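Chemist: Have a look at this one.
Each value in this text was obtained by applying a stated rule to the coordinates, not by laboratory testing. What you see is a predicted model; the values in this text were computed from it and never measured. In this analysis, Cβ positions are derived from the backbone assuming ideal geometry, glycine residues included, and neighbour counts consider all displayed protein chains.
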Amino acid sequence: MNYSIAIYGGPYGHQASHSAYHFAQAVLAKGHHIQRVFFYHDGVYNASALVSPPQDEVNLPQQWQQLANTHQFELTVCIAAAVRRGVLDANEARRYQKPAANLAEGYQLSGLGQLIDASLESDRLISFGP
Amino acid sequence: MNYSIAIYGGPYGHQASHSAYHFAQAVLAKGHHIQRVFFYHDGVYNASALVSPPQDEVNLPQQWQQLANTHQFELTVCIAAAVRRGVLDANEARRYQKPAANLAEGYQLSGLGQLIDASLESDRLISFGP
Amino acid sequence: MMLHTVNKSGFSSKLLEECLRTVQADDAILLIEDGVYNALKTARTFTDQQAQCTWYVLMEDAKARGLQAEHCHPEIQWVDYSGFVELTEQHASICSWF
Amino acid sequence: MMLHTVNKSGFSSKLLEECLRTVQADDAILLIEDGVYNALKTARTFTDQQAQCTWYVLMEDAKARGLQAEHCHPEIQWVDYSGFVELTEQHASICSWF
Amino acid sequence: MSDLETSQQDNQILVIFRKAPAGSAWAREALDLALVGAAFGQKVSLLFMGDGVFQLLEQQNPKLIGQKGTQAMMQALPMYEIDNLYVEGHSLVERGLDLEQLAVNCQVLNADEMPKLLQQHQQVFNF
Amino acid sequence: MSDLETSQQDNQILVIFRKAPAGSAWAREALDLALVGAAFGQKVSLLFMGDGVFQLLEQQNPKLIGQKGTQAMMQALPMYEIDNLYVEGHSLVERGLDLEQLAVNCQVLNADEMPKLLQQHQQVFNF
């Protein structure tokens, strides 16, 4: 089956994104396909390239990147929720005249429509909130 | 009197930092002094220079900057909580080999001891959480 | 003498109940943010504990949410942010419940 | 047939009560994250509603928190993440309560 | 409840509002999702329950705390053809709210109707 | 309760743990604050109440969900001279927990003692 996952909680403050990651691994282990992981609300903080946990803690933004790269699924970040919270790609950094971009590699900013699309195109959409 | 304020919620997801800002204005209007505003837990997201709200919404990181500049108080961000969540100054960006820094002007990363210090040195310490 | 701020609705959270287990008679409770819904007459926590201490509700937060004084417990005093600061002047210790 | 996930403790939040008002007999409820505390025998929500639908608790989250099977309602089935995925295979619609 | 019985095929997305309106961004971001869903040609229904029913209160004045509020977006719902607005009766009664205190027309659902509403939508977004 | 009565002068900081341990970063960050307070030479007390009492449960295994947990930090408390650990009896009873299920020795407080504990500390950090 074809899964999409929505994440509404940040990478450190709440367990939501960790649960989603464990769930994604279990989905793939069962031979299912993941279409898209969509980050919304405070979940957009997961897409920051600047997250720097201590060495003995997981780097969740990086782990998502690796999983997405290996299994070829999309990491899509709601652009409106992201710019409000300070997660910008190079384009948005230019648009808002900000000194830097911080969207991690492998993530893309896109519209909320991609979450609706995931709900239509995937066999299952599951959400993890804070 | 001498006040310090602790903020534990992000700039967009929760009202905490907005309430703290209104409270700070009221404190100053009464002729009191503010010593330090300390950002901890998800409150560290308030210190991001990249926060880009729509033009008809408040830019809280900027408003704190202006208030702190006018009334000469410190905006101190817990360094451990910040680096875990991806809020870095130039030093930390170098240390963690990250491509950019995003700590807003007027804010400084420092240890959690500055919150303990605020509780000892200020007449009042008030916290705003999510 | 302590000032307690409470920022969650008692209709969905048990935060205020926890706060009340730590309050003594000369303390004050200030309802802020979503805590203002605890000022509604239909919020039962106030009625159970009303004699225990002095209650306040933050006017800006209550009005922002459309709360009308007539639907709130009349014993709860309305204060604005300026009154909030005065409460912190009068109470040396502040305990924030969130 | 719907799968409901619930991630908050009923000792501090009324989330599970809200969830239960939307559940029907062939639905399943999976307790995850801090929701696993609702599996404790002392959590009353389960007892009130036990006949209504099938209940599960996520093993990894329960064990991470030190919950022991002997302290939990025996009618609640323990599943691991693999079992979690199976529940999502069996239920076309998933409603996440948080 | 003839609405609920007959419209099973058409209802695609249900957005549940359970959080109080001003304390967090949930109400705004849930409403954003509903509008985008409608713009994508989906039939979207809204359900208010728990503290989410406070979002329906009239005379809200979020400017007092520096917020935009959701009132303007709520008024725009008909333009997006979002006409199915439901509110849980239990949540209203618990909070002592009358329908006259609400700024928006909603259909009140009783206990039996709540599970039905969820089942008849293909996708539930629960905020 | 002779502890509570006599130590009024010395007690400076009370950190209250009210949130369940693994679902969020609160427990860890509250403990960080307690340790830093002690390192600053302050007399720090801890109070566990509400879902925070679950932090005291033995046999926690947070590695299962990729977390470090707070067990090691809790064991380090005596090194920081944080010896005053309190737990609210009401919260234990409500959750059906016995003292034997707790990994850490705590003094159980009854209803009368709770307000006293807060009053006798100069600063309360409430997480």
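Chemist: From the label point of A:Asn2, set 7 Å along Cα to the beta carbon, how far off in nm is each other copy's matching point, shortest first?
Modeler: Copy-to-copy label distances at A:Asn2, shortest first: 6.4 nm.
Chemist: Based on other C-beta atoms within 10 Å, arrange E:Thr70, C:Thr42, B:Thr70, C:Thr22 from fewest to most.
Modeler: Details: E:Thr70 20, C:Thr42 16, B:Thr70 9, C:Thr22 25.
In order of increasing Cβ crowding within 10 Å: B:Thr70, C:Thr42, E:Thr70, C:Thr22.
Chemist: Could you identify the residue of F sitting closest to the F-E rotation axis by Cβ and state that distance rounded to whole angstrom?
Modeler: Measuring from each Cβ to the axis, the minimum is at F:Ser24, 8.
Chemist: Measuring from centroid to centroid over Cα atoms, what is the spacing of region F:37-76 and region B:96-122 in Å?
Modeler: Each part's Cα centre sits 24 Å from the other's.
Chemist: With labels modelled as points extended 7 Å from the Cα through the Cβ direction, what inter-label distance (nm, one decimal) is found for F:Val108 paired with F:Lys63?
Modeler: Simple spin-label model gives 3.3 nm for this pair.
Chemist: On a 0 to 90 degree scale, rounded to 10, what angle separates helix A:16-29 from the longest Cα axis of chain A?
Modeler: 40 degrees
Chemist: Hey, another quick one. Can you find, among E:Trp26, E:Ala76, E:Val104, the residue farthest towards the positive end of the dipole of chain E? Put +1 on the C-beta of Lys and Arg, -1 on that of Asp and Glu.
Modeler: E:Trp26
Chemist: A follow-up question, please. How well do other chains shield peptide F:99-112, expressed as the mean number of their Cβ atoms within 10 Å of each residue Cβ?
Modeler: Working: counts 0, 0, 3, 0, 1, 0, 0, 0, 0, 0, 2, 0, 2, 1.
Neighbouring Cβ atoms belonging to other protein chains average 1 per residue here.
Chemist: Ok, one more. Summarise the partner chain shielding of D:35-46 as one whole number: the mean count of Cβ atoms from other chains within 10 Å of each residue's Cβ.
Modeler: For peptide D:35-46, the averaged partner shielding equals 2.
Chemist: Which residue in A is nearest the A/B rotation axis when you measure from the C-beta atom, and what is the distance in Å?
Modeler: Rotation axis A onto B, closest Cβ, rounded to whole Å: A:Ala100, 2.
Chemist: What is the helix-to-structure angle for A:60-71, meaning the angle in degrees between its Cα long axis and the longest Cα principal axis of chain A, kept from 0 to 90 and rounded to the nearest 10?
Modeler: So the helix axis and the longest Cα principal axis differ by about 50 degrees.
Chemist: Could I ask something else about it? In straight Cα distance, which lysines are under 16 Å from E:Lys63, not counting same-chain residues fewer than 8 positions off?
Modeler: Output for E:Lys63: C:Lys63.
Chemist: Quick one: Debye curve from the C-alpha atoms of region D:1-64, no solvent, what's log10 I(q)/I(0) at q = 0.21, 0.25 Å⁻¹?
Modeler: Summing over Cα pairs of region D:1-64 leads to -0.76, -1.09.
Chemist: Taking each label point as 7 Å beyond Cα in the direction of the beta carbon, state the distances from B:Thr70 to the same residue in the other copies, shortest first, in nm.
Modeler: List, nearest first: 5.3 nm.
Chemist: Since chains C and D are linked by a rotation, which residue in C has the beta carbon closest to its axis, and how far is it in Å?
Modeler: Rotation axis C onto D, closest Cβ, rounded to whole Å: C:Ser13, 3.
Chemist: Restricting to chain B, what percent of DSSP beta bridges are antiparallel, rounded to 5?
Modeler: Of the beta bridges lying entirely in chain B, close to 5 percent run antiparallel.
Chemist: Across region F:3-126, how large is the tail of the calculated P(r) beyond 23 Å, expressed as a percent of all Cα pairs?
Modeler: Details: 2012 of 7626 pairs.
Of the Cα pairs, 26 percent sit more than 23 Å apart.
Chemist: If you don't mind, another one. Hey, got the dipole for region E:3-126? About the Cα centre, +1 on K and R Cβ, -1 on D and E Cβ, debye to the nearest 20? Don't jump to the answer; show the numbers that get you there.
Modeler: Details: 8 positive and 15 negative charges, 112 e Å.
Approximately 540 debye in magnitude.
Chemist: Using the alpha-carbon centroid of each, what span in Å lies between region A:1-18 and region D:40-85?
Modeler: With region A:1-18 and region D:40-85 each reduced to a Cα centre, they are spaced 22 Å.
Chemist: Counting Lys and Arg as +1 and Asp and Glu as -1, each charge on the Cβ, what is the dipole of the protein assembly as shown about the Cα centre in debye, to the nearest 20?
Modeler: In total the dipole reaches around 1420 debye.
Chemist: Among C:Leu15, A:Ala16, F:Gln123, flag the residue with its Cα farthest along the positive direction of the charge dipole of the protein assembly as shown, charges on Cβ as +1 for Lys/Arg and -1 for Asp/Glu.
Modeler: A:Ala16
Chemist: Same structure, new question: Using only atoms on other chains, find how many Cβ atoms lie within 10 Å of each Cβ of peptide B:98-104 and report the average. Intermediate values should be presented prior to the final figure.
Modeler: Numbers: counts 7, 7, 9, 4, 11, 1, 2.
For peptide B:98-104, the averaged partner shielding equals 6.
Chemist: Still on this structure: Can you compute log10 of I(q)/I(0) for the protein assembly as shown with the Debye formula, treating each Cα as one identical point scatterer, at q = 0.05 Å⁻¹?
Modeler: Treating every Cα as an identical point scatterer, log10 I(q)/I(0) equals -0.21.
Chemist: Any idea how far apart F:Ala72 and A:Arg94 come out in nm if each label point goes 7 Å out from Cα toward Cβ?
Modeler: Modelled inter-label distance: 4.5 nm.
Chemist: Ok, one more. May I ask you to report, in nm to one decimal and beginning with the shortest, the distances from B:Gly31 to the same position in the other copies, taking label points 7 Å along Cα-to-Cβ?
Modeler: 7.9
Chemist: Further question on the same structure: With the cut-off at 30 Å, tell me which of the pairs C:Lys8/D:Lys41; A:Lys30/D:Lys14; C:Lys8/F:Lys116; E:Lys19/E:Lys116; D:Lys41/F:Lys68; B:Lys98/F:Lys68 have Cα atoms farther apart than that.
Modeler: Cα-Cα > 30 Å for A:Lys30/D:Lys14; rest within.
Chemist: Among B:His14, B:His22, what is the fewest-to-most ranking by other Cβ atoms within 10 Å?
Modeler: Starting with the residue having the fewest Cβ neighbours, the order is B:His22, B:His14.
Chemist: Nearest 10 degrees is fine. How inclined is helix E:26-39 to the longest principal axis of chain E, computing both from alpha carbons?
Modeler: 40 degrees
Chemist: In debye, nearest 20: dipole of chain B around its Cα centre with unit charges on the Cβ of K, R (+) and D, E (-)? Intermediate results must be reported in sequence, preceding the final value.
Modeler: Working: 8 positive and 10 negative charges, 50 e Å.
Charge dipole, chain B, about its Cα centre: 240 debye, nearest 20.
Chemist: Per q in 0.15, 0.25 Å⁻¹, report the Debye log10 I(q)/I(0) for region C:27-98, using one uniform scatterer on each alpha carbon and no solvent.
Modeler: -0.45, -1.25
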